[in-house]
There are 2 protein chains.
Amino acid sequence: MALIVQKFGGTSVGGPERVRHVAQIITDTYRQGNDVVVVLSAQGKTTDQLLALAKEYNPKASKRELDQLLSTGEQQSVALAAMCIQGMGFPVVSLNAWQVGFKTNTTYGDARISKIETERIRMELDQHKIVIFTGFQGINRRDDITTLGRGGSDASAVALAAALRADLCQIYTDVDGVYTADPNKVEGARKLDEITYDEMLELATLGAKVLHNCSVEMAKRYNVRLEVLSSFTGNPGTKVKEVVKKMENSHVSGVAKDKDIARLALVGLKNEPGVAFRIFSLLSNRKINVDIILQSIGRDDQKDISFTVSRSDLEQAKALLEERKDTLNYESLEVNDHVAKVSIVGAGMIGSPGVAAKMFEALYDAGININMISTSEIKVSVLVDEMDADRAVQTIHDKFFRDFNRRR
Amino acid sequence: MALIVQKFGGTSVGGPERVRHVAQIITDTYRQGNDVVVVLSAQGKTTDQLLALAKEYNPKASKRELDQLLSTGEQQSVALAAMCIQGMGFPVVSLNAWQVGFKTNTTYGDARISKIETERIRMELDQHKIVIFTGFQGINRRDDITTLGRGGSDASAVALAAALRADLCQIYTDVDGVYTADPNKVEGARKLDEITYDEMLELATLGAKVLHNCSVEMAKRYNVRLEVLSSFTGNPGTKVKEVVKKMENSHVSGVAKDKDIARLALVGLKNEPGVAFRIFSLLSNRKINVDIILQSIGRDDQKDISFTVSRSDLEQAKALLEERKDTLNYESLEVNDHVAKVSIVGAGMIGSPGVAAKMFEALYDAGININMISTSEIKVSVLVDEMDADRAVQTIHDKFFRDFNRRR
């Protein structure tokens, strides 16, 4: 017998038919002798509809009142799901953030979880009830309702699993796990049985948007065993944990692509101390996040610095650098937003120097030019032309997973 | 400067246009220097829609989960109204039952208010905020949401006014006050400026459904000054209080009709002690409420007892009495559900013996037969044939208010 937290998103609970299906998954888990705590999002498009409704009353409504309004979506969702499970003959109770004591800071609309009381949930579990809890919301120290921002229900589930020391936190979604590459685009992409938190974090950053990063970070910090799986197929999903058993021969867990990226290059900077500091503190003061940084010694006493930012930050970064041209003392600013980042991720890379080389070889074979390279302990990223990106992912994926696929 | 509680029903807040209108009333009151606490129902048909939605998930859902679901209606209503008032530039905050500490017993779906904490509301008022509170709902000692049943938002408003020792509790509705008779049916009916709690209670019982009885009872018990008025006309309404100034010549405040009534007569009972006791304890054990009772000594050693019940209780009462025919020892049971009760209500009746006689005279002049008569200190009721009821109301109203109307 285990304590399992299950999270279902808005699509999974959109309408009576889908809720009945979800209720089947929940009660199956319960009947296997487990304690079950379920976290639900608002049904379907409810949150968007409530936001549109709010606009009719005040397009500039305070976030405090918006949270008061939005939180009703999850409250309706949990009540309806509980009713459905009651109808199937199981003991169940729906609970809100305030009933549980799910505490956050006071940043309305984008609150951070600060503390979770477990007494009420424990009491209901002791009475052998299935607990259905409202995701996405909490209460602050003023007893006001807060919402958690994007991916909030995932965070609710992971935090609850951590607070309850649950044996497993299952995130049900519309994909049936984490893949070695985007299965809709890359031939031969296959589902991973297991992946480490760090790999998952890198993949999320790289645009394989299965789980929001802060949820994975929280799972890693509190050592919550995660499983990402589909509420539609019923297949086993991908387990996310600290250490995973790797298949022989595979140091790489996945290949990912990120198109939300642009490159800036400052050419002809003076080669003197403090140059990089001045550039990047300027950008970070304006909350512009810089990803890959490359510095090359140029001719004479000059150097170039190039770096990437997300495309939405490009215009602001460009304007900032142009405005400070004299202070920064560079010759020219080059901008390219027709680039993409392609990365391989794998905890197995550490101590396997051949992995990066194998990636570069694949790109060379395909005649794809590498603009920039960046490496971490579990990741190698390259910047390529946007038009080469999909081909780059496929060719790299073939290189690392072809053997495996053939042997199967 | 006063503390005023204002309550608006579902129709008054059905849609952005109406909410803006209500917001105007609220902010006008606030700008006159008053502290304002507003109690709102769910918008328009929201509650009915949520009930229909629940049925799709489980037609026999527990009342606990239904309350969890239904309470979102008022929560949305207060958030949207607060947004609207924000947009008009006034400081405002919406609050739920749990945020205030609006406590009830645990009877889900029909809870009774047990205790109201005032700290949070006082704090918001001290910060000069308009407070918008969810009517119809509370929380019980388990921290579960409860709803108050029919007329619940009125009760919320009166209870809040009592707890806050408010100077006035304004119940906004779709009629602009309490009338001497139903203005849609009785020619010459006019609005009363003032009425006592007791008169209001009698009128409510008699079917003039402006305010639910338990709200009026509560107002009387805690001496809350009520005003019933229209959110559409902007006219002064009717004030409900302990003692009112009466117009000269008028001992009667109103004439009302109740059609939800049926008469039963037990003919040929033995004239011995304990007969009435046996009959009415039998009925009260089955929760059948008896209204008018009339006992007449018949011929020899026999007597008849007739009484009225509400029509929904008629079949059960009849079956009970027939079942016990031998024990009760009566000759025959007569049933009539084509009757109606017509009543005059007025605190001024006490010490004015001519009032009842004047009523009977009116009926005699109109050729209407009186079946039964019942009197209390502030009420005279007669039972007439259902087909005579509307004419009875008009003729009695003419008798008591014609002079007044003429003089005007």
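The values are calculated or read from the model by the stated rules, or taken from the named source; none is laboratory data. Since the structure is predicted, the reported quantities are computational estimates derived from the model, not experimental observations. Neighbour counts are summed over all protein chains in view; Cβ atoms, including those assigned to glycine, are modelled from backbone coordinates with ideal geometry. Protein only, heavy atoms only, side chains kept; ligands, DNA and RNA dropped before computing areas. Shrake-Rupley method; radii C 1.70, N 1.55, O 1.52, S 1.80 Å.
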Looking at this structure, is B:Gly188 buried (at least 18 other Cβ atoms within 10 Å of the Cβ), in contact with an Asp or Glu (Cβ under 9 Å, 6 or more places away or on another chain) and not basic (Lys, Arg)? no
Filtered residue count, region A:378-392, keeping only those that are open to solvent by 10 Å² or more (accessible area, probe 1.4 Å) and out of contact with any helix residue (DSSP H, G or I) (no Cβ under 7 Å at 6 or more places or on another chain): 6
Is there a residue in region B:186-205 that is at pLDDT below 85, closer than 30 Å to B:Asp291 by Cα and in a loop (DSSP other than H, G, I, E, B)? no
Give the residues of region B:250-265 that are in contact with a helix residue (DSSP H, G or I) (Cβ under 7 Å, 6 or more places away or on another chain) and either among the charged types (D, E, K, R) or open to solvent by less than 30 Å² (accessible area, probe 1.4 Å) (or both), sorted by residue number. B:Ser250, B:Val252, B:Ser253, B:Gly254, B:Val255, B:Ala256, B:Lys257, B:Lys259, B:Asp260, B:Ile261, B:Ala262, B:Leu264
State whether the residues of region B:114-132 include one that is within 8 Å of another protein chain (Cβ to nearest Cβ) and either modelled with pLDDT under 95 or under 26 Å from B:Met1 (Cβ atoms) (or both). yes
Test set (1) of a type outside the set (Lys, Arg); (2) more than 10 Å from chain B (Cβ to nearest Cβ); (3) open to solvent by less than 20 Å² (accessible area, probe 1.4 Å) - A:Gln49 fails condition number: (3)
With the condition being β-branched (Val, Ile, Thr), I'd like the strands (runs of 3 or more DSSP E) fully within region B:209-316 carrying at least 2 qualifying residues. B:238-241, B:290-297, B:302-309
Flag for B:Lys220 being closer than 18 Å to B:Thr104 by Cβ and surrounded by fewer than 21 Cβ atoms within 10 Å (Cβ to Cβ): no
Answer yes or no as to whether B:Ser312 is hydroxyl-bearing (Ser, Thr, Tyr) and either surrounded by fewer than 19 Cβ atoms within 10 Å (Cβ to Cβ) or at pLDDT below 85 (or both). yes
Check on A:Thr238, crowded, with 20+ Cβ neighbours inside 10 Å, over 14 Å from the mean Cα position of the chain (by Cα) and not acidic (Asp, Glu): yes
Checking B:Gly346 against (1) under 30 Å from B:Val186 (Cα atoms); (2) under 24 Å from the mean Cα position of the chain (by Cα); (3) open to solvent by 30 Å² or more (accessible area, probe 1.4 Å), which test does it fail? (3)
Surrounded by 15 or more Cβ atoms within 10 Å (Cβ to Cβ), over 19 Å from A:Val22 (Cβ atoms) and within 26 Å of the chain's Cα centre (by Cα): is that true of A:Ala155 in this structure? yes
How many residues does region A:56-103 contain that are open to solvent by less than 10 Å² (accessible area, probe 1.4 Å) and more than 10 Å from every other protein chain (Cβ to nearest Cβ)? 2
Exception for B:Asp182 within (1) surrounded by fewer than 23 Cβ atoms within 10 Å (Cβ to Cβ); (2) in a strand (DSSP E or B); (3) in contact (Cβ under 8 Å) with a residue 60 or more places away in the chain falls at (2)
Return a yes/no flag: does region B:30-40 have any residue that is open to solvent by 30 Å² or more (accessible area, probe 1.4 Å) and modelled with pLDDT under 95. no
Could you list, in sequence order, all residues of region A:266-309 that are open to solvent by less than 20 Å² (accessible area, probe 1.4 Å), under 24 Å from the mean Cα position of the chain (by Cα) and of a type in the set (S, T, N, Q)? A:Thr308
Scan B:Ala366, B:Ala319, B:Ala357 and give me the residue that is surrounded by fewer than 20 Cβ atoms within 10 Å (Cβ to Cβ) and closer than 30 Å to B:Glu272 by Cα. B:Ala319
Do we find a residue being under 27 Å from A:Val210 (Cα atoms) and at the interface with another protein chain (Cβ under 9 Å from one of its Cβ atoms) anywhere in region A:26-43? no
Need pairs with beta-carbon distance below 9 Å; first residue crowded, with 19+ Cβ neighbours inside 10 Å and within region A:107-126, second outside any loop (DSSP other than H, G, I, E, B) and hydroxyl-bearing (Ser, Thr, Tyr); sequence gap 6+ or separate chains. A:Tyr108/A:Thr146; A:Tyr108/A:Thr147; A:Ala111/A:Thr104; A:Ala111/A:Thr146; A:Ala111/A:Thr147; A:Ile113/A:Thr104; A:Ile113/A:Ser156
Check on A:Gly10, modelled with pLDDT under 95 and under 29 Å from A:Val175 (Cβ atoms): yes
